[in-house]
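The values are calculated or read from the model by the stated rules, or taken from the named source; none is laboratory data. Not measured: the values here are computed from a predicted model. Heads up, the Cβs are rebuilt from the backbone with ideal geometry, glycines too, and the neighbour counts pull from every protein chain shown. Ligands, DNA and RNA are excluded from the accessible area calculation, which covers all protein heavy atoms including side chains. Shrake-Rupley method; radii C 1.70, N 1.55, O 1.52, S 1.80 Å.
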Amino acid sequence: MKKIILLLLFTFILFGCSESNSNISEKNKIETAIKIFFDGFHKKDSLIIKSVIENSFELKSVSFQNENAFINNLNGDKFISAVVNRNEAPVWNEKLISFEIKIDGPLANAWVEYEFWLDDKLSHCGVNSFHLLKKESGWKIFTITDSRRKNCSK
């Protein structure tokens with residue numbers, strides 16, 4: 001009986017519900033690419049940002065206006081220009097709260113809760129939905145769609 005239990009336990013550990021090491025490694029690479037993106041964002045450094053985005057990069061923001069949902073689109077060049085040319089004050093600080101990453105071959109999605117602070121005041125919160133493409137040079141962000149809420153209490 002002990003042998004059967006040990007065999008079942010070993011089988012579960014070896015083949016069970018846990019993710020493969022390569023999938024965990026890919027998720028770590030995706031999370032790292034997102035963190036590099038925000039490092040460039042906070043430093044106002046276009047070269048850091050460009051190192052992890054695809055040429056076709058777009059930012060889409062989804063929010064409500066008078067109870068109607070709408071989408072605001074910003075292409076990559078305009079986004080980078082807005083980031084690097086912003087004033088020094090107030091200081092922008094986007095705090096990443098949690099990551100949920102899914103991968104299917106060369107496509108990945110990262111669902112990342114965030115808070116956006118201006119100096120020491122919470123401006124808004126929401127979710128960033130990153131779409132990434134796996135290239136020879138690594139994971140590249142091609143779209144970020146974010147939600148923006150003023151009511152950030154949980």
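Of note:
- Checked against the criteria, Lys29 counts as in a helix (DSSP H, G or I), open to solvent by 90 Å² or more (accessible area, probe 1.4 Å) and at pLDDT 95 or above.
- Boolean, Ser81 is over 17 Å from the mean Cα position of the chain (by Cα) and in contact (Cβ under 8 Å) with a residue 60 or more places away in the chain: no
- Filter result for Lys95 (farther than 15 Å from Phe38 by Cα and either without any contact (Cβ under 8 Å) to a residue 40 or more places away in the chain or not acidic (Asp, Glu) (or both)): no
- Of all residues in segment 122-154, those that are part of a loop (DSSP other than H, G, I, E, B) and either open to solvent by less than 20 Å² (accessible area, probe 1.4 Å) or within 23 Å of Asp104 (Cβ to Cβ) (or both) total 2.
- The residues of segment 62-76 that are part of a strand (DSSP E or B) and under 20 Å from Cys125 (Cα atoms), listed by number, are Val62, Ser63, Phe64, Gln65, Asn68, Ala69, Phe70, Ile71, Asn72, Asn73, Leu74.
- Asn93 being on the phi < 0 side of the Ramachandran plot, open to solvent by less than 60 Å² (accessible area, probe 1.4 Å) and not in a loop (DSSP other than H, G, I, E, B): yes
- Restricting the first member to segment 135-154 and to residues that are farther than 17 Å from Phe38 by Cβ and at pLDDT 95 or above, and the second to residues that are outside any strand (DSSP E or B) and open to solvent by 20 Å² or more (accessible area, probe 1.4 Å), the beta-carbon pairs closer than 9 Å and six or more apart or on different chains are Lys135/Pro106.
- Among the residues of segment 108-121, those that are assigned to a strand (DSSP E or B) and either closer than 19 Å to Asn23 by Cβ or open to solvent by 30 Å² or more (accessible area, probe 1.4 Å) (or both) comprise Ala108, Asn109, Ala110, Trp111, Val112, Glu113, Glu115, Trp117, Leu118, Lys121.
- Criterion: open to solvent by 50 Å² or more (accessible area, probe 1.4 Å) and either outside any helix (DSSP H, G or I) or within 21 Å of Arg149 (Cβ to Cβ) (or both) - qualifying residue of Phe79, Phe99: Phe99
- Close pairs (9 angstrom Cβ cut-off, 6 or more residues apart or separate chains): open to solvent by 50 Å² or more (accessible area, probe 1.4 Å) in segment 58-69, assigned to a strand (DSSP E or B) and acidic (Asp, Glu) anywhere: Lys60/Asp146; Val62/Asp146
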